[in-house]
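Data block below; observations after.
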Amino acid sequence: MSNRTILITGGAGFIGSHVVRLFVNKYPDYRIINLDKLTYAGNLANLKDIEDRPNYRFVKMDICDFEGVLALMQDEHVDGVIHLAAESHVDRSIKDPFTFAQTNVIGTLSMLQAAKAYWEGLPEKYEGKRFYHISTDEVYGALEMTHPEGIEPPFTTKASSGEHHLAYGEKFFTEDLKYQPHSPYSAAKASSDHFVRAFHDTYGMPTIVTNCSNNYGPYQFPEKLIPLFVNNIRHRKPLPVYGKGENVRDWLYVEDHARAIDLIFHEGKVAETYNIGGFNEWKNIDIVKTLIRVTDRLLGRPEGADEDLITFVTDRAGHDLRYAIDSTKLQRELGWEPSLQFEEGIEKTIRWYLENQDWLDNVTSGEYQKYYEEMYKGR
Ligand code: NAD
Ligand code: TYD
């Protein structure tokens with residue numbers, strides 16, 4: 001279907017900016033509306049390269065503003081929503097759970113209600129419409145680490161390579177697993193997932209939910225492990241590893257997530273859930289050593305010279321031990337697979353942060369928050 005109008009929320013954030021860029025470039029016939037409140041995590045400089053495209057519009061708005069979202073959907077004749085806006089950092093959710101409930105739960109409900117009010121008032125109602133909610137694997141809780149040294153998992157992917165193609169237990173997150181969130185972040189995301197499914201089951205809204213593993217790549221806010229540590233290594237600042245660094249995360253390159261979102265938005269089955277992940281489990285301490293090795297090399301320092309920056313600090317409260325996504329459903333039904341080997345993706349990512357020191361400096365100094373005023377005033 002050409003000439004669609006798609007409302008993407010949270011497009012000024014990390015993953016959202018990759019999704020907006022992909023859709024604006026790939027679908028010149030679509031109109032892409034990026035709705036974002038520009039919290040501390042929203043940075044319009046992430047979208048500098050596409051901000052003047054004729055098929056793109058930015059709207060500064062809170063997803064909790066039901067009236068505003070409804071009016072925007074009516075004005076723009078929105079027929080698809082890709083909902084990414086959320087509070088996304090676990091450590092912040094531990095300090096301030098109210099904000100997470102407000103944005104992730106009430107905000108998602110406000111988006112659903114606005115879509116329902118607009119679409120149900122049209123003659124064709126839900127026909128040709130889609131509400132796609134982006135969620136996390138953290139809703140499933142934590143997996144046990146039954147094989148601390150790692151085992152070969154019972155599946156293969158192109159992206160997984162020899163040494164690191166390991167699993168730290170036999171169990172994986174599959175789509176039929178019970179939700180068992182532990183952090184206020186994942187509890188709020190779990191609640192929002194339930195609301196999305198309830199809108200399908202109750203009102204017949206054509207919804208889709210996907211749950212993805214940890215993303216890495218350019219434009220990630222430097223409070224998250226990978227950009228924070230690359231920046232700290234560059235400045236020779238301590239690297240605060242929580243606990244013993246034994247926790248395991250499953251990492252996916254952000255552009256592979258964006259490609260999956262494109263595929264699922266267009267070809268995914270209504271009311272389905274798809275897990276997205278790269279079968280790429282890493283212990284935090286091994287990631288940190290890799291970050292040090294590659295960053296040192298790219299900076300012309302002796303490889304591993306900065307290992308003395310590793311500082312073990314008090315563990316995160318309720319720190320989930322292991323996340324591991326089984327994405328075979330998505331691979332089997334829609335033919336998606338990750339395109340990048342982790343070794344390739346991590347080097348590309350580190351190189352990007354080192355080559356874009358202005359972006360990192362702007363974010364760490366707070367300068368980036370002036371971008372909207374400077375670029376969008378009077379537009
Ligand atoms: P992010 O924190 O980088 O970006 C979030 C964006 O949402 C920001 O631009 C922010 O300004 C905007 N936003 C926040 N509150 C808002 C509100 N009330 N109204 C409008 N906009 C608001 O997040 P991210 O890492 O890009 O994650 C995007 C989505 O993907 C989230 O829903 C997250 O739960 C999910 N997810 C993230 C990961 C990951 O590894 N980062 C993995 C799986 C799923
Ligand atoms: P993070 O990037 O915050 O993602 P998430 O909590 O959503 O998985 O953290 C990734 C892992 O790195 C997680 O196990 C916590 C750990 N971590 C540290 O050890 N130190 C840090 O300073 C940060 C930010 C994270």
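The values are calculated or read from the model by the stated rules, or taken from the named source; none is laboratory data. As the structure is a computational prediction, the values presented were derived from the model and not from experiment. Cβ: placed from backbone, ideal geometry, glycine included. Neighbour counts: every protein chain shown. Side chains included, ligands, DNA and RNA excluded: accessible areas come from the protein's heavy atoms. Shrake-Rupley method; radii C 1.70, N 1.55, O 1.52, S 1.80 Å.
The residues of region 80-101 that are open to solvent by less than 20 Å² (accessible area, probe 1.4 Å) and away from ligand 1 (no atom under 15 Å from the Cβ) amount to a single one, GLY80. When we screen LYS244, LYS269 for residues that are open to solvent by 40 Å² or more (accessible area, probe 1.4 Å), over 30 Å from GLY150 (Cβ atoms), touching a residue at least 40 places away in the same chain (Cβ under 8 Å) and assigned to a loop (DSSP other than H, G, I, E, B), the only hit is LYS269.
Where residues in region 193-216 are in contact with a strand residue (DSSP E or B) (Cβ under 8 Å, 6 or more places away or on another chain) and among the hydrophobic types (A, V, I, L, M, F, W, C), which of them is farthest from ligand 2 (Cβ to nearest atom)? Taking the candidates together, the pick is MET205.
Scanning region 337-379 for residues that are hydroxyl-bearing (Ser, Thr, Tyr) and either open to solvent by 50 Å² or more (accessible area, probe 1.4 Å) or at pLDDT below 95 (or both) returns SER339, THR364, SER365, TYR368, TYR371, TYR372, TYR376. The numbered conditions (1) away from ligand 2 (no atom under 13 Å from the Cβ); (2) within 25 Å of ASN362 (Cα to Cα) are all true for ALA190 except (2). Residues that are polar (S, T, N, Q), at pLDDT 95 or above and part of a loop (DSSP other than H, G, I, E, B) were ranked within region 156-194; the one that is farthest from THR207 (Cα to Cα) is SER183. Condition check: more than 7 Å from ligand 1 (Cβ to nearest atom), open to solvent by 40 Å² or more (accessible area, probe 1.4 Å), of a type in the set (A, V, I, L, M) and modelled with pLDDT of 95 or more. Does LEU44 satisfy that? In short, no. Out of ILE350, ILE261, ILE325, ILE310, one residue alone is among the β-branched types (Val, Ile, Thr) and touching a Gly at 6+ places or on another chain (Cβ under 7 Å). It is ILE325.
Can you say whether ALA258 is among the small types (Gly, Ala, Ser), crowded, with 17+ Cβ neighbours inside 10 Å and away from ligand 2 (no atom under 16 Å from the Cβ), as far as the supplied structure shows? Can you show your working first?
Numbers: among the small types (Gly, Ala, Ser): yes; crowded, with 17+ Cβ neighbours inside 10 Å: yes; away from ligand 2 (no atom under 16 Å from the Cβ): yes.
Yes.
In the set (1) farther than 22 Å from PHE173 by Cβ; (2) buried (at least 21 other Cβ atoms within 10 Å of the Cβ); (3) in contact with a strand residue (DSSP E or B) (Cβ under 6 Å, 6 or more places away or on another chain), LEU291 fails one condition alone, (3). Given the criterion under 17 Å from TYR168 (Cβ atoms), modelled with pLDDT of 95 or more and away from ligand 1 (no atom under 13 Å from the Cβ), identify the matching residue among ASN247, ASN232. That would be ASN247, the only listed residue that is under 17 Å from TYR168 (Cβ atoms), modelled with pLDDT of 95 or more and away from ligand 1 (no atom under 13 Å from the Cβ).
So which residues in region 305-351 are basic (Lys, Arg) and within 16 Å of ligand 2 (Cβ to nearest atom)?
The first filter runs over region 305-351 and keeps only residues basic (Lys, Arg), leaving 316, 322, 329, 332, 348, 351.
Passing the criteria: ARG316, ARG322.
Within region 200-229, the set of residues being within 16 Å of ligand 1 (Cβ to nearest atom), of a type outside the set (Lys, Arg) and part of a loop (DSSP other than H, G, I, E, B) comprises SER213, GLY217, PRO218, TYR219, GLN220, PHE221, PRO222, GLU223. A Cβ distance below 6 Å, combined with a sequence gap of six or more or placement on separate chains, defines the contacts here; from region 333-362, residues that are closer than 20 Å to VAL288 by Cβ reach residues that are assigned to a loop (DSSP other than H, G, I, E, B) and of a type in the set (S, T, N, Q) in the pairs GLN341/SER161; PHE342/ASN280.
Of the residues ASN247, ASN280, ASN284, which single one is near ligand 2 (Cβ under 10 Å from one of its atoms) and touching a helix residue (DSSP H, G or I) at 6+ places or on another chain (Cβ under 6 Å)? Before the answer, list the steps.
Details: ASN280 fails: near ligand 2 (Cβ under 10 Å from one of its atoms); ASN284 fails: touching a helix residue (DSSP H, G or I) at 6+ places or on another chain (Cβ under 6 Å).
Being near ligand 2 (Cβ under 10 Å from one of its atoms) and touching a helix residue (DSSP H, G or I) at 6+ places or on another chain (Cβ under 6 Å) holds for just one of ASN247, ASN280, ASN284, which is ASN247.
Among the residues of region 232-240, are any open to solvent by less than 20 Å² (accessible area, probe 1.4 Å) and of a type in the set (A, V, I, L, M, F, W, C)? Looking through region 232-240, at least one residue is open to solvent by less than 20 Å² (accessible area, probe 1.4 Å) and of a type in the set (A, V, I, L, M, F, W, C).
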